[in-house]
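Read through the structure below, which is laid out as structure tokens, and then see the notes.
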Amino acid sequence: MASTKAKIKKNWLKTILIEGRQHLDDPGLDPDVRLSFLRALECGTPVLGSRVYASENEEAVFCNTCKSPACAACGHWATIHCTIHWQRERWCALPEGPYKGVTLTMPDTLRPLFAANPHLTRELPSIAASAITIYGKVYKGIDIGVMPILHTFNGKLEFNSHVHALVFAKNLQDRVNHETQESSSEKT
């Protein structure tokens, strides 16, 4: 009984559409609406086709989704729900306080070297974080927190490794008077 309730809850739209099927056949219903709901009914079934992935030991069949905006499983509302959930998780991971976005790019002459050596590419985030941290310490006299994110391809899917970084520090863009800072640290 519990599994039936879970199935109905998961496929609530399909349940409504099956029970109200006579309304889908109403000639007054917009044809695009009818098509969207019919696709939602067929979502995840072999009617829409499937992909088979096989190895020597096993085989898995994945039925195609409808991609209808009306579908609760894969459509617009499902996308919004997943996106909002992902954004909330990311926001919770960020430390509180001011931050700046910094992008460190690589000269195009070095791209083939990094494309041929993925182990070097994987080191770029830590190199970027070290460079930003050292910059903050030497030129600004402050400790900086850095969250580097490696991107390996651009929007055209061309190899273009670069690092986006969130840099956390107060007064990051203020000029530091090193003489004042040194004299105040000598007094303490």
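The values are calculated or read from the model by the stated rules, or taken from the named source; none is laboratory data. Keep in mind that this is a model prediction, so the values were computed, not measured. Every residue, glycine as well, gets a Cβ built from its backbone with ideal geometry; the counts of neighbours run over all protein chains shown.
If we keep just the residues of the range 137-154 that are more than 29 Å from the chain's Cα centre (by Cα) and surrounded by 13 or more Cβ atoms within 10 Å (Cβ to Cβ), which is farthest from residue 165 (Cα to Cα)?
Taking the range 137-154 as the starting set, the residues that turn out to be more than 29 Å from the chain's Cα centre (by Cα) are 137-142.
Those left that are additionally surrounded by 13 or more Cβ atoms within 10 Å (Cβ to Cβ): 140-142.
On the way: 140: 18, 141: 20, 142: 17 Å.
Among residues in the range 137-154 that are more than 29 Å from the chain's Cα centre (by Cα) and surrounded by 13 or more Cβ atoms within 10 Å (Cβ to Cβ), the one farthest from residue 165 (Cα to Cα) is 141.
Take the range 85-100 and flag every residue that is part of a strand (DSSP E or B) and loosely packed, with under 10 Cβ neighbours inside 10 Å. Full working, then the answer.
Here is the first cut: in the range 85-100, the residues part of a strand (DSSP E or B) are 99-100.
Of everything in the range 85-100, nothing turns out to be part of a strand (DSSP E or B) and loosely packed, with under 10 Cβ neighbours inside 10 Å.
Given the structure, is residue 34 over 31 Å from the mean Cα position of the chain (by Cα), part of a helix (DSSP H, G or I) and either at pLDDT 80 or above or within 13 Å of residue 73 (Cβ to Cβ) (or both)? Criteria met by residue 34. For the range 155-170, the tally of residues that are surrounded by fewer than 16 Cβ atoms within 10 Å (Cβ to Cβ), in contact (Cβ under 8 Å) with a residue 12 or more places away in the chain and more than 20 Å from residue 99 (Cβ to Cβ) stands at 1. Kindly indicate whether any position in the range 61-82 is surrounded by 10 or more Cβ atoms within 10 Å (Cβ to Cβ), over 19 Å from the mean Cα position of the chain (by Cα) and of a type in the set (Ser, Thr, Tyr). The answer is yes; a qualifying residue exists.
Looking at this structure, is residue 171 modelled with pLDDT of 80 or more and within 27 Å of residue 91 (Cα to Cα)? When the stated conditions are applied, residue 171 does not pass them.
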